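J.: Could you have a look at this structure, given as structure tokens, before my questions?
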């Protein structure tokens, strides 16, 4: 599997590189290199986890996990995000300490490390560029961020060499850390949305319902539930009120409509119009007001 091989190359590059950075950061006494080391280590970790979890998440559903293992891939994202968040906060605290009492930095060493950083990360980004899985796209994004991070460090270290303003180092590292934090929170939000069974962002339940009601045999629809396992695969269930003589055809029409809305797995309950739906929950209150329609 090419994807996995590429991810593995990226993993090996990243993990060996973050060790190299850690040494570089300690040797040059540069906190921005150290903060990049934390960033890269977090990335390496997430790549490693995504490799393992990607393998697990591909397993077929069984009696223990009737929905399959897709959510395992989000678990990796959750763990990595948490680690990166902690790392970033740690970096910000250290940088503030440095601003208060500056330390000497080996600028030449820093420039050399930064040049290596740009080259190695550029290669890693190049290796991972043609990925199809969401996981691999994420990995590639990390690589590009790392290249940018190193370009910043390179420019910063050259500036410091000529101006001797040590503050630049701390400011750069705070920049990197804030960047990681902002991304981590974005990730965290989408992960929580999945765990909280929130309706996927690209699906509007009311729009779905209106489309389905256009199918002429359908008198009413309630109990529409839409959720996602892993951010890609969407599932739904619904009750349809109909007196059709051909339920098979009706279900087919409904499933086709759902596929157009990116919902791959739909469970349909059919009720006659004289049947009372026993569930109190029947009419999920769909407020159209708080949804901004995106077209």
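J.: If the requirement is being in a helix (DSSP H, G or I), out of contact with any helix residue (DSSP H, G or I) (no Cβ under 9 Å at 6 or more places or on another chain) and assigned by TED's automatic domain parsing to the domain that holds residue 54, which of these qualifies: 189, 209? Give the derivation first.
T.: Details: 209 fails: assigned by TED's automatic domain parsing to the domain that holds residue 54.
None of the other options fit; the residue is 189.
J.: Out of 37, 70, report the one residue that is buried (at least 20 other Cβ atoms within 10 Å of the Cβ), assigned by TED's automatic domain parsing to the domain that holds residue 108 and either part of a loop (DSSP other than H, G, I, E, B) or touching a strand residue (DSSP E or B) at 6+ places or on another chain (Cβ under 9 Å) (or both).
T.: Working: 37 fails: either part of a loop (DSSP other than H, G, I, E, B) or touching a strand residue (DSSP E or B) at 6+ places or on another chain (Cβ under 9 Å) (or both).
None of the others qualify; the one that does is 70.
J.: Hey, could you check the range 226-249 for residues that are under 26 Å from residue 66 (Cβ atoms) and out of contact with any helix residue (DSSP H, G or I) (no Cβ under 9 Å at 6 or more places or on another chain) and say which is modelled with the lowest pLDDT?
T.: Going through the qualifying residues, I end up with 233.
J.: Which one of 53, 78 is assigned by TED's automatic domain parsing to the domain that holds residue 181, buried (at least 19 other Cβ atoms within 10 Å of the Cβ) and part of a helix (DSSP H, G or I)?
T.: Numbers: 78 fails: buried (at least 19 other Cβ atoms within 10 Å of the Cβ).
On inspection, the qualifying residue turns out to be 53.
J.: Applying the selection to the range 224-264, what residues are surrounded by fewer than 17 Cβ atoms within 10 Å (Cβ to Cβ) and part of a strand (DSSP E or B)?
T.: Passing the criteria: 225, 237, 264.
J.: Within the range 169-200, count every residue that is crowded, with 20+ Cβ neighbours inside 10 Å and within 17 Å of residue 28 (Cβ to Cβ).
T.: Number of matching residues: 5.
J.: Here's another thing I want to ask about it. For the range 92-111, state whether one or more residues are under 17 Å from the mean Cα position of the chain (by Cα), in the same structural domain as residue 144 (by TED's automatic domain parsing) and either part of a helix (DSSP H, G or I) or surrounded by 16 or more Cβ atoms within 10 Å (Cβ to Cβ) (or both).
T.: Of all residues in the range 92-111, those under 17 Å from the mean Cα position of the chain (by Cα) come to none.
Looking for residues that are under 17 Å from the mean Cα position of the chain (by Cα), in the same structural domain as residue 144 (by TED's automatic domain parsing) and either part of a helix (DSSP H, G or I) or surrounded by 16 or more Cβ atoms within 10 Å (Cβ to Cβ) (or both), one finds none in the range 92-111, hence no.
The values are calculated or read from the model by the stated rules, or taken from the named source; none is laboratory data. All figures in this text were calculated on a predicted structure; none of them were measured in a lab. Using ideal geometry, Cβ is built from the backbone for each residue, glycine included, and neighbour counts are taken over all protein chains shown.
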